[in-house]
Structure formats: structure tokens, C-alpha cells
Amino acid sequence: MRRLKAILAASTVLCATAAAAEGVKLEVTHWWTSGGEAAAVKALADVFGEKSQNEWVDGAIAGGGSTARPVMISRITGGDPMHATQFNHGRQAEELVEAGLMLDLTDVAEAEGWRDTINPVSLLDSCTYEGKVYCVPINIHSWQWMWMSNKAFADAGVAVPANWEEFVASAPALEAAGKVPLVVGQQDWQARGAFSVLLVAIGGTDLWLDIYANKNAEAVRGDAMAKVFEAADTARNLSANSNVGDWNLATAKIINGEAGAQIMGDWAQGEFAVAEKVAGEDYTCLPGLGMNEVIQTGGDAFYFPKHDDPDVTAAQKELASIMFSREAQVAFNLKKGSLPVRGDIDMSTANDCMRKGLDILASGNVLPSSEQAISQDTEQQMRDLFIEFFNDKSLSTADAQERMAQLIEQAD
Amino acid sequence: MADISYPTDARGAKPRRVMTKGNVILWSTLAVILAYYALPLYVMVVTSLKGMPEIRMGNIFSPPMEITFDAWHKAAFTACTGLNCEGLSRGFWNSVEILVPSTILSIAMASISGYAIANWRFKGSEVFFTILIFGAFIPYQVMIYPLVILLREIGLFGSLWGLVLVHTVFGMPILTLLFRNYFTSLPEELFKAARVDGAGFWGIFFRVLVPMSLPIFMVALILQMTGIWNDFLFGVIYTRPDQYPMTVQLNNIVNAVQGVKEYNVNMAATLLTGIVPLTIYFVSGKLFVRGIAAGAVKG
Amino acid sequence: MQTQRPNALFRNLTAKIAALPMIATALFVFVGCTLWTVYYSFTKSRMLPSDKWVGLQQYERLWNTPKWQIAVENLLIFGFCMMILSLVIGFVLAALLDQKIRFENTIRTIILYPFALSFIVTGLIWQWVLNPDFGIQQVVRDLGWQSFEFNPLFNPDIVIYGVLIAAVWQGSGFIMVVMLAGLRGIDEEIWKAARVDGIPRWRTYVFIIIPMMRPVFVTALVLIASGIIKVYDLVKAQTNGGPGISSEVPAKYVIDMMFGNQNLGQGFAASTMMLLSVAVILIPWAYLEFGRKKHG
């Protein structure tokens, strides 16, 4: 086998030198494949294409993070990594960084003063391990939104609600008009996210922090959480007839007026944009369910697996720098419907909803994402719990509350 | 096609006149069963020929009012995932490049192993065989991680040959079982006569057994070609994007929902990906049964 | 087989060398990876394997997790039904086709073709056919039966049967071919004798033919069972474990844990349980097969 290895190694070297002459081909892996997402990636790749001699080779893997991550992790641990790869903000990639498999971007970050321009700074902290920067935050995605179809409410003859309670009150009218009041798809993270939004809106920001940051299981067992679970019980009843799987198909039900509302992060906005719907006219966005307007600073970041070839490393750093540039931030985030990670850029072309988000962000009313606070393991266990809760009426609110408390007790 | 290619003739009651009571029951039962098996294919074909508006309005069983090949064209050449808008065409030749060496190597390995176990049993050969059968029950996904490490250590990770090796390993249990059963079912006198004539291990294999074993090689060929062609998991993990097989594109097309699920494109893509194995089945169905008859059933 | 002649060692050596790839596969891949998996199931491995020993902790958590309990329950239901249905349907269809009926080739091809399609494709097709808004339910309602209810994929109580419908569709054709081949291998004289004795046809099948086909059933059983325990792609494509967690299966739990939760230790604990149950069934079988009767 050693000879084979030598031959293979030799051929790789040949390829690498050939590539260096005409710019490096950078393979970028991500799971952005829905309409709005693909448009956003294209915007990003276009900026890169204009500014760089190197080439963006797109390695999209459809099916969401759960399909794509096995591929990413296998490739990186297998010693044949891609050149840049998407992970969510937070702790998903922390072990790869600890194992020394990721490229240190500290020199780029310091030279360009990322720490001064990034907003909020906690995003860069998520990328930092032992004082070194290992990833580029590219956007902020906040879960704390509800999207409503103006058409559905018009058909039902009720006004578009301004908060969760009004929405619950208007649900019977929607049902009478043959609409699904609240659409929740079958992907586990959708149910989980909807619950989190209810938690922040009804229980408040401090309760959220107490649970996720302090891992206070008694807070989960408390009365405030009982109220949240009651609201979640209402939500699961209102969403019982969703009959839909993917999140963007659920959003499509809002777009065509089959359903009244969807609790979903701001990436839903990309779908409205692709369908050429206008905020305020065709659909209404409600940050924090109209009760507690915050921006949750989840989102995506790019990591750059280590390569031996200095040309590749240089190209990777160039890509990192371009991803953080003003131009790329504006182009990418307008298409994606997410908020930029820099506080110093002009987003005047943003639409109504996005501007609401920018205002909240500017006011400093921010919350980390749960992925930043808890491990992927605990996060996924939460998802399992809430997808079960939303689909199995025999799981009582009290039992679900106790199970969540146990998960928080075991969380790390 | 006549039935003469079967080892022996069909059995059971003699064919009777049409329209006896038994025949009516037989054919109506068959009709229901055939509907169950055939309808999905029908739905796929019909759906792939419709436009999206018609799909949204009509029911899935109605024939298309207006036949359009747009969905086929889109699936083959223009469907997008991320930035790549080349549809399935991107993966076709990759699939072929993976298929040919993987099929040949896995069948060669498994036939030799089956031969060694069946005709040259040595101490421990049955233990290894049992382990192989055990391997048939291991979910592939469980092996992903250790195999990544194994391939990394021998320096084949991320190369076409790494993937070929993986297909060979996972094809081995069932194929070895088939070959072993087939070779044990051959008359032992043949083997003994060849030994008396002084033929050795390879001589007997290539001059006596292989020429007699066309049916079982056909079965192995069909099983492997289908299995490897349909593989998604290994293709996506053990290769890199420029080598991705067609199924990766298929997954990307059907999972990359752009606003509305384009069922017609999904169905066309599904059919296009399935064309190779489907053709093999439609063309060689008879050989398949014959090979199974000869190989799988004599334990 | 009598290979123990004076010069047998050399010949055996060739056979052993030829069998080396198989031996290597068995030892390094199947045994090696299994031991590796079992070892790390006792550790606190997260995204990457780690040596931090935690004893049985992963197993305790495993059996306390509702998702795993449901997955095991589903596998038992699915496995039992799949086994029975595949064998019965496979055998009955083979017996029907064995009646020298017309169009045998066409019919066989129609029943066999789904086997050419991958589980992912199978899942997609049946997701589409069973879709409540477009599929069978809507078609029957359009025919005038408004209250018709057939929505297995969105009903937690029966979703596993929706998966079963698709699995039987995909796999039973192959079992039929195996059975048909077995029936064709039965001696004509048996049938003649049974007919002469005036034994009804169904009794001939049940009491004479089926016992004679034991090896065929064993082969079929190995094929079906190995497919059942591995079922993952189909569920992933058709229901993704939903609605809720009601169609989870063990293989999916393993994958979810390894890559979704980034908790390798937990995933390995689950796969060790699966491997253990296979071994429990397989070792007695191997003992019966090789331990007692000697071929040749």
C-alpha cells in the first residue's frame, strides 16, 4: 500500500502545482439549496469571482445540516478536506478546532479589525478558541419571528393580529375559512424553534438565559415555564393539520394563503423574496410574536480546514477576508434575508421586516442562539422532545416540562 | 420468449381452459397485485410528463392532458443545487466510472472467496464465512467512521479506488454466499476429475467452474450493478464533488426545494437515475431467475 | 472433501492466499470495526472518538430515551410484518406464476422492477402516492367518497405501516424470484405422486413442497432479515422518522446520534445493541449449519 500511497501523493502534488498557475480551486461545502439560499450563495460566489483570481467550486449538499454534516466531518477527519465549510454559529465545530484540523484565521481577523466592526461581538467570540479566530461569521439569523399571510386573514374576515394572543383569538375564524391557523413542518428543528420563540415571547429573555446559559433545571420546572408549555399546547393544536414536511413548503403555505401563520426564523424572508411578495402588503412579520422584540444571534459561519499547500492557505484566507467584506455582506444578506454581521454597512435597500430586525439589533436587544449555549447533543435531544410534543397529543405538557428539565440537568 | 431456459419445466396443475372459476380468481388476484406493483411506476411516468399547474389541480393517476418533456429536460440538464445548474448530466459518467471497476472487482473477489470456501475448505474457512454473513447485517452507516479511519491509514480516502474498495467490501457477504451455494451445488465429480487431470486451484476455477457458472455471474452482476448504481451514502462520503455519482445529484434535486416542490422534475430525475438498473432488469429478468434458481436455493 | 493428501498443504496454501481478501474483509472490516465500535461505546466520544471511559453510561441513557424505545418497537413491528408479508407474498406469487400462466415474463418483470430502485427513490414515490393532498386519499375523495381517510404518513399510530407498504413493494419481488426458482427446482415426480394420491393442491404446497424448500426459505430469510435491520434510507426519504418520532428505526437512531447529535459514544452504544441482537440470532444458526452437518 505504501507505494500506492506514494503514487497518489505524487499525483496530488502534480494537480496542486498545475492548479496554482491558474488560481486555486476552492471547494466550498454548504447546505444552502432552497430558492432564497441558492440566490444568496450565488451572490457571495459572484463577489468572490470578481475580486479573486481563485475559483469557487460549489459543493452544495441538499437535505439540510443533518445530511451534509456527516460528509463534512468524514472528509475532514479522513484527511481529504474541502477548503471551506459551513457550520452554524456555536459549538458544532468545536472539536474539530480542538483537534487542530482548522486553519487559524487570527492574522486576517486582526489585520482587518474584525473585532471593531462585528456586531454583536459575541459572534466573534463563538469563533474564538484559546484566543485564536477559526471561523468567519457570515450572517445573523434570528428565530424570533412569526410570518403571517395577509391573504389568509382577509379570507377569514379578521384583521392581521399584532401579537400572539390576538392570533390565538383569530384562529377559529381561520379554521372556519378552511385555513391551517399555524403551520409547523415535520422537521424536528422547526418544532424546536417554534417552542423557543414561544419561550422568549411569553417567558421572557431572562428565563431563556437562566435555562440555557445557567442550565437551571428548576427554572424549567417553574410556573413561568408551565405557561410557556400551555402556549405550546395551543400551538400544537392549531398546527395539527399542517401535513407538510420541509420548512419552505410550510412557508409556501403562507405565501399562497393556505395557512395563517408560521413561526420561523428570518430565512423565511428569502422565500418571500423569491416569490416576489411584499412585506406589509402580502405578508406581515411579527418580531418576538409582538410581545418581546429581540434578535437571536444564531446563523452561519465558515470554517477553513487546514491544508499543507501554502497557495491553498493563502486562497482560503483571501476567501475568509472577502466573506467578511462589506460588499459580500450586503450582497449575501439581502438575498438570504439574514442580518449582516457588521455594524458599519449601509443596508438601505433592506425591506420593512429586515429593517425592523436591524433596528432591534441596533437597540442591543440580543440573545445568543441555543447552539451557542448548549452542545449539539443537548440541542438535538431538545429537537427530539419537541417534535414528539408537537405530534403526539398523549405527551402531556407536564411530562414534557419534566423531560425538558431533565435534559437541562444533563446538559453540558 | 419461451420457457426453455429454465432448468426444468413449470409445475403445478396443468393449464386449463380459459374462464374457469379458478382462472377468474387467479386473474383478478393477479390484477390487484399487479396494480400495487405497477401503479407507482405509472404515477412516476405520468407525473414527469405533466406541467406543474396540472399536477397541482389534477389527481396523480390521470393521464397528462398535455404532454411536456420540460421536466425531463430540466432534470437532466438544468436543475440546480447551489450554484451547479447542470442537472443529472453532471453525475452520469461519474456513476459509470464508479460502477465498472467496483462491479468487476467485487465480483472477482467474491467468486474466488466463494470458490475457496466451497471447494477448498480449510481450517477456519467456515468461521470467516459466518463472520461475512454477520457483516451482511451490519448497517452500513455504523461502519462509516471506522472506514474513514481505515481508508485514511492506507491512503485511499477521497479517491475513486477507496470507493471501489468500500463497494467491494460491502458486496462481499451476499455475493460470497451466492457463489458458495452455487459452487457447492455443482457435481463434485467434475471437480475431482479436474484434480485427477492435474489442474490446480486456478486451473479448476478458470477452466471448469467459471464456464459453467454464467447464471450466477449474471445474478451477481445484476445485484452489484443495481446496488452500486443506487448507492448514495458511500458516493457522497468517500469521494469528492467532481466524482459524485448521479444519486448525489438526484438527492440534491429532490431535496433542494425551490419554493414549491417540483414533483414532475423529481419524478423525471428519479426515472432518469433509475434507467440503468431498470433497463438491466427488463432485459435480463429471465437470466436473473435462472441464475437464482441455480445458485441461491441449494444451501 | 478429502484434501488432506501429502501435497495438500501447498494446494491449500493457494486457496488460502486466494481467500486472503475475504479473510481480510472479515477480520479487519467486520470484526475490527465491530470491536472498535464496541470499545468506543463505553467512552464519552462526541464528534471525534475519544478515550474518556464512562462505563455503561451510554447504555443507560440509550434505554431511557423515548426515541430509542420507539425505534426498537417499530423495528419489531416492521420486522415481523415484513418477514411474514415478504415470505407469504413472495411464495404465493411464485406459486401463482408457477401455474404456467400466460404473460409470465411480463408479470414477473412488473413485480420485480421495484427491486431495481433504491430505497431513497422508493421512499419518495410512496411519499408522493400516499400524500393526503394529491395521492390515493384525494383520488378516492374525488370519486365521491368524501369521508375516505387514508393518510398513514401523517398519522403517528399507523405511519410504520405506510413505510411497510413501500418496503414490501420494493423487496417482495426479489423474494418471489427466489421462491419461484425454488419451486422450479422441485421434482415433477412429487407433483405426479401427490396428484395420484388425490391430495388437494394447497395441502401439497403446505405439507410437501414447503418443507422441501427449506434451504430456499433460509436464503430468503437471510436476505429479508439483513434488509430489515439495516432499514434507514427508506424511512429517511419517506417520513424522516415522523410524524414526531413515531417512525424512528434503530439504524436511524444510530446515524442521528453519530452525526446529528455529534455524540459518537451514544451512536456506538445503539449500534452495539443492534450488532448484539444480530449475533444472538446468527451464532446459533451458524452452529446448526456448520457445527453438525458436514458437506461433501
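General observations
- Between helix B:160-185 and chain B there is an angle of about 50 degrees, using the helix long axis and the longest principal axis of the Cα atoms.
- Pairs from B:K286/C:K100; A:K179/A:K335; A:K335/B:K50 whose Cα-Cα separation, in the structure shown, is over 20 Å: A:K179/A:K335; A:K335/B:K50
- Neighbourhood net charge (11 Å Cβ-Cβ; Lys/Arg +1, Asp/Glu -1) for B:I67: -2
- Listed from fewest to most Cβ neighbours within 10 Å, the set C:R141, C:R102 follows the order C:R102, C:R141.
- Overall dimensions of the stretch B:111-155 by Cα: Rg and Dmax, Å: 13.8, 35
- Mean shadow area of chain A, taken as a quarter of the surface of its Cα convex hull (nm²): 20.8 nm²
- By the beta-carbon count within 10 Å of each Cβ, the least crowded to most crowded order of B:M267, C:M83, A:M225, fewest first, is C:M83, A:M225, B:M267.
- Ranking A:L103, A:P120, A:V168 by Cα position along the charge dipole of the stretch A:67-185, where only Lys, Arg, Asp and Glu carry charges on their C-beta atoms, puts A:V168 farthest toward the positive end.
- Length-normalised contact order of the stretch C:57-292 in % [C-alpha pairs under 8 Å, at least 6 apart]: 32 percent
- The mean number of Cβ atoms from other chains found within 10 Å of a Cβ in peptide B:235-244 is 5, as a whole number.
- Largest first, the extents of the alpha carbon coordinates of the protein assembly as shown on the three principal axes equal 92, 71, 54 Å.
- Result for chain B in a Gaussian network model with C-alpha springs under 10 Å: among B:F217, B:F205, B:F128, the largest mean-square fluctuation is at B:F128.
- When the P(r) is computed for the stretch C:1-142, the part past 18 Å accounts for 81% of the Cα-Cα pairs.
- Take each residue in C:103-111, count the other chain C-beta atoms within 10 Å of its C-beta, and the mean is 5.
- Under the convention that each Lys and Arg Cβ holds +1 and each Asp and Glu Cβ holds -1, the size of the dipole of the stretch A:197-300 around its Cα centre is about 260 debye.
- Cβ crowding within 10 Å ranks A:D58, B:D70 as B:D70, A:D58, fewest other Cβ atoms first.
- Karplus-derived HN-Hα couplings along the stretch C:174-182 (A = 6.51, B = -1.76, C = 1.60, θ = phi - 60°), whole Hz, x at Gly and Pro: 5, 4, 4, 4, 4, 5, 4, 4, x
- Most mobile of B:F206, B:F157, B:F183 in a GNM of chain B (Cα contacts under 10 Å): B:F206
- Restricting the trypsin sites (Lys or Arg not before Pro) of the stretch C:143-208 to loop positions (DSSP other than H, G, I, E, B) with no more than 10 neighbouring Cβ atoms within 10 Å leaves nothing.
- Taking chain A and dividing mean pair separation by its residue count, relative contact order in percent (alpha carbons under 8 Å, at least six apart): 27 percent
- Those lysines that a straight Cα-Cα span of less than 30 Å connects to C:K52, excepting residues fewer than 8 apart in one chain: A:K132, A:K215, A:K306, C:K44, C:K67, C:K230, C:K252
- With the highest mean first, a sort of the peptides A:260-267, B:219-226 on other beta-carbon atoms found within 10 angstrom per residue produces A:260-267, B:219-226.
- Per the Kirkwood formula applied to alpha carbons, the stretch B:90-295 shows a radius of gyration over Rh ratio, Rg over Rh, of 1.04.
- Among B:L150, B:L250, B:L26, the largest mean-square fluctuation in a Gaussian network model of chain B (Cα springs under 10 Å) belongs to B:L26.
- Each of C:A270, C:G227, C:P152 was scored by the projection of its Cα onto the charge dipole of the stretch C:57-292, and the greatest displacement toward the positive side belongs to C:G227; charges sit on the C-beta of Lys, Arg, Asp and Glu.
- Per-residue [θ]222 nm for chain C (sum of -39500 (n - 2.57) over DSSP H runs n ≥ 4, rounded to 500): -18500 deg cm²/dmol
- Cβ-based charge dipole, the protein assembly as shown, positive-most Cα from B:V210, A:S74, B:L221: B:V210
- Net charge dipole, chain A: roughly 660 debye, given to the nearest 20, about the Cα centre with Cβ charges of +1 for Lys and Arg and -1 for Asp and Glu.
- For the protein assembly as shown, size of Cβ-based charge dipole, Lys and Arg +1, Asp and Glu -1, in debye: 5720 debye
Every number here is computed from the coordinates shown, using simple stated rules; none is lab data. The shown structure was predicted, so the numbers you read here are calculated from the model rather than taken from an experiment. Glycine gets a Cβ as well: all are built from the backbone with ideal geometry, and neighbour counts include every protein chain shown.
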